[in-house]
1. What about residue 24, is it in a strand (DSSP E or B) and surrounded by 13 or more Cβ atoms within 10 Å (Cβ to Cβ)?
2. Is it the case that the range 91-99 has a residue that's over 14 Å from residue 25 (Cβ atoms) and surrounded by fewer than 18 Cβ atoms within 10 Å (Cβ to Cβ)?
3. Mind checking which strands (runs of 3 or more DSSP E) fall wholly inside the range 61-129 and carry at least 2 residues that are within 10 Å of residue 152 (Cα to Cα)?
4. Could you grab me the full set of residues in the range 95-128 that are under 16 Å from the mean Cα position of the chain (by Cα), farther than 18 Å from residue 160 by Cβ and touching a residue at least 40 places away in the same chain (Cβ under 8 Å)?
5. Give the residues of the range 31-56 that are surrounded by 12 or more Cβ atoms within 10 Å (Cβ to Cβ) and farther than 20 Å from residue 94 by Cβ, sorted by residue number.
6. Taking residue 117 as meeting all but one of (1) outside the structural domain of residue 66 (by TED's automatic domain parsing); (2) loosely packed, with under 13 Cβ neighbours inside 10 Å; (3) more than 21 Å from residue 45 (Cα to Cα), write down the number of the exception.
7. All but one of (1) closer than 30 Å to residue 33 by Cβ; (2) outside any loop (DSSP other than H, G, I, E, B); (3) not assigned by TED's automatic domain parsing to the domain that holds residue 38 hold for residue 134, so report the exception by its number.
């Protein structure tokens, strides 16, 4: 695989993503040379959650763009998905958008004596092109976005499970109109009490 193929696909997708209302989160090429898989993670441009229908609706456009690039001789598979709960971060804007979230970061060169760290995203400095994390050990770590190798949101599983449990409990609550006998309603639809 040419070294830049991932970047070529990413650039082609990003060229038209805004008109489609999409954020191209990342592109990944995996698999053996004779059976490549191109994974494209998409998100909405606003702060709303992306749903499966949005992914389905935009898959033909993603497929058309990738096909126009013609990344590999022969067949390959295309997977289009949402970013998931461990959303990759690759641009300064990603870190700005998710300020306050916990992230796991790996750098290509060492910066301030560190190559990796986990902490809360404190903010970004667009002019300097830097990101600052409040690390778990209490230190602030500032690094240039150009040094980024990989980064992703570190999911708060306790909060996710708690929210899922609360939603499940709410779904199990009977609605006020459940259990009412339709024969006990008077002419204007109000239930009568005997």
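The values are calculated or read from the model by the stated rules, or taken from the named source; none is laboratory data. Everything numeric here is computed off the predicted structure, so don't read it as measured data. We place every Cβ from the backbone using ideal geometry, glycine too, and count neighbours over all the protein chains shown.
1. Yes: the conditions hold for residue 24.
2. Yes; the residues of the range 91-99 include at least one that is over 14 Å from residue 25 (Cβ atoms) and surrounded by fewer than 18 Cβ atoms within 10 Å (Cβ to Cβ).
3. The strands (runs of 3 or more DSSP E) meeting that bar are 102-111.
4. 95, 97, 105
5. Within the range 31-56, 31, 35, 36, 37, 38 qualify.
6. Tallying (1) outside the structural domain of residue 66 (by TED's automatic domain parsing); (2) loosely packed, with under 13 Cβ neighbours inside 10 Å; (3) more than 21 Å from residue 45 (Cα to Cα), residue 117 fails exactly one: (2).
7. Of (1) closer than 30 Å to residue 33 by Cβ; (2) outside any loop (DSSP other than H, G, I, E, B); (3) not assigned by TED's automatic domain parsing to the domain that holds residue 38, only one is false for residue 134: (1).
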